[in-house]
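Asker: First the structure, which I've put down as structure tokens, then a few questions once you've had a look.
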Amino acid sequence: MDRILLIEDDDIIGEMICMYLKEEEFLVLRSHNGQEGLAALHDFKPDLILLDLILPDFEGTDLCNSLRSITPVPIIIISSNARVSEKIEAFTVGADDYLCKPFSMHEMKARIQALLRRFKQSHPPEVQQLPVQQAVTVPPMDLNINLEKRTLYVRGESVEMTFSEFELIRLLFEHPERVYRREDLINALRGFDSYINDRAIDVHITNLRRKIEINPKEPKYIKTVWGVGYKFVL
């Protein structure tokens, strides 16, 4: 049974979501504020987090950033704020999807199931032995990427990435020197980021450069092809 952590201070909305998900055979724990949510993360060990952006003790984006630094599980933002800038900020700090209130419970369930399915496919149980060839090292670059475990090491240091950031670096890495238009990258990520657009792609690229480049302003690996898009350089 999949475990859902709901961080929502509104009692009416919180109870509606809990009731619906329990009827759909999810195990649900509701936290009323950010502190409760952080504590529940360790004790409850959720498979997915539903996070309201407006909480009494935390800015939602700050909490999302904190949660992402602790856990790789999918995070769906639920908010009454439909501004594109708000959605982009949420994706930037680690959200995997964004639902605007009011939303359909059936749509919420579909998005939860889609994210859980992709997450489980990309995070096999630790007991499974991975074939050696799945760990790919790129000499002489200081990058080591494991496509099965979805891990990236830069100069020996583990790098934390959002689900969408890894999907982007995986796509670029698997096709070095290929120039991807922003439209190509949007289409590739649309199944993971519901509100992906040109600006969100640029934000993801900027974040990846900060994480893997020695000098993000003069990138060595993720190159801009002016007027077209981006490419990964070996």
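Asker: Hey, what do the phi angles of the stretch 48-65 turn into as Karplus ³J(HN,Hα) couplings, whole Hz, using 6.51/-1.76/1.60 and θ = phi - 60°, x for Gly and Pro?
Answerer: Calculated HN-Hα couplings, in order: 7, 10, 9, 10, 6, 7, 10, 10, x, 10, 9, 6, x, 5, 5, 5, 4, 4 Hz.
Asker: For a footprinting-style exposure proxy, rank F166, F119 by other Cβ within 10 Å, fewest first. Show your work: numbers first, answer last.
Answerer: Numbers: F166 22, F119 17.
Least crowded to most crowded, the residues run F119, F166.
Asker: State, to one decimal in nm, how far the label point of L234 lies from the label point of L171, with both points 7 Å from Cα in the Cβ direction.
Answerer: Between L234 and L171, the label points sit 2.1 nm apart.
Asker: Another question about this same structure. Could you tell me what a quarter of the Cα convex hull surface of the stretch 1-61 works out to, in nm² with one decimal place?
Answerer: Values: hull surface 15.0 nm².
For the stretch 1-61, averaging the hull's shadow over all directions gives 3.7 nm².
Asker: Under the rule of at least 5 residues apart or a separate chain, name every residue whose amide H is placed under 5 Å from the amide H of F58.
Answerer: Answer set, sorted by chain and number: G34.
Asker: Considering amide H positions built from the backbone, and no H for Pro or chain starts, which residues 5 or more places from S31, or on another chain, come under 5 Å of its amide H?
Answerer: Under 5 Å from the amide H of S31 lie the amide H atoms of L6, I7, E8, each far enough along the sequence or on another chain.
Asker: Further, regarding this structure: Taking the stretch 202-233, which chymotrypsin sites (Phe, Trp or Tyr not before Pro) meet the DSSP loop condition and have no more than 14 other C-beta atoms within 10 Å?
Answerer: On the way: sites: Y221, W226, Y230, F232; in loops: Y221, W226.
Those that pass, being in a loop and sparsely packed, are W226.
Asker: Can you compute 3J(HN,Hα) from phi for each residue in the stretch 199-215, using the Karplus curve 6.51 cos²θ - 1.76 cosθ + 1.60 with θ = phi - 60°, rounded to whole Hz and x for Gly and Pro?
Answerer: Values, residue by residue: 5, 5, 4, 4, 5, 4, 4, 4, 5, 5, 4, 4, 8, 10, 8, 5, 10 Hz.
Asker: Also, quick follow-up: Along the charge dipole of the chain, pointing to its positive end and built from +1/-1 on Cβ of Lys, Arg, Asp and Glu, which listed residue (C18, V233, I112) has its Cα farthest out?
Answerer: It is V233.
Asker: Now a separate question. Out of residues 5 or more away from K101 or on other chains, whose amide H comes under 5 Å of its own, with H placed 1.01 Å from N in the peptide plane?
Answerer: S79, S80, N81
Asker: Further question on the same structure: Would you mind giving the three semi-axes, in whole Å and largest first, of the ellipsoid equivalent to the chain according to its Cα gyration tensor? Intermediate values should be presented prior to the final figure.
Answerer: Details: eigenvalues 204, 80, 50 Å².
Ellipsoid semi-axes (Å, largest first): 32, 20, 16.
Asker: Efficiency by 1/(1 + (r/R0)^6): what FRET value for K45 and N197, r their Cβ-Cβ distance, R0 = 45 Å, to the nearest 0.05? If you can, show how the numbers build up before the last one.
Answerer: Working: r = 33 Å, r/R0 = 0.74.
The formula returns an efficiency of 0.85 here.
Asker: Follow-up question, since we're still on this one. Taking square-rooted eigenvalues a ≥ b ≥ c of the alpha carbon gyration tensor, is the stretch 3-122 rounded, prolate or oblate, where a/c under 1.5 means rounded and, failing that, a/b exceeding b/c means prolate? List each step's numbers first, then the result.
Answerer: On the way: a/c = 1.13, a/b = 1.11, b/c = 1.02.
It comes out rounded by the Cα gyration axes.
Asker: Given 0.36 nm per residue, what is the gain on full extension from E213 to E107 after removing their alpha carbon distance, in nm? All intermediate terms of the calculation are to be shown ahead of the outcome.
Answerer: Details: separation 106, 0.36 × 106 = 38.16 nm, distance 3.82 nm.
Full extension of this stretch gives 34.3 nm more.
Asker: Quick check on the chain: helices-only [θ] at 222 nm, where DSSP H runs of length 4 and up contribute -39,500 (n - 2.57) each and the sum goes over total residues. Nearest 500, please. Working shown, then result.
Answerer: Values: 8 runs with 97 residues, N = 234.
After summing the helix terms and dividing by the residues of the chain, the value is -13000 deg cm²/dmol.
Bear in mind these aren't lab numbers, they're just calculated from the coordinates by the rules spelled out. As the structure is a computational prediction, the values presented were derived from the model and not from experiment. We place every Cβ from the backbone using ideal geometry, glycine too, and count neighbours over all the protein chains shown.
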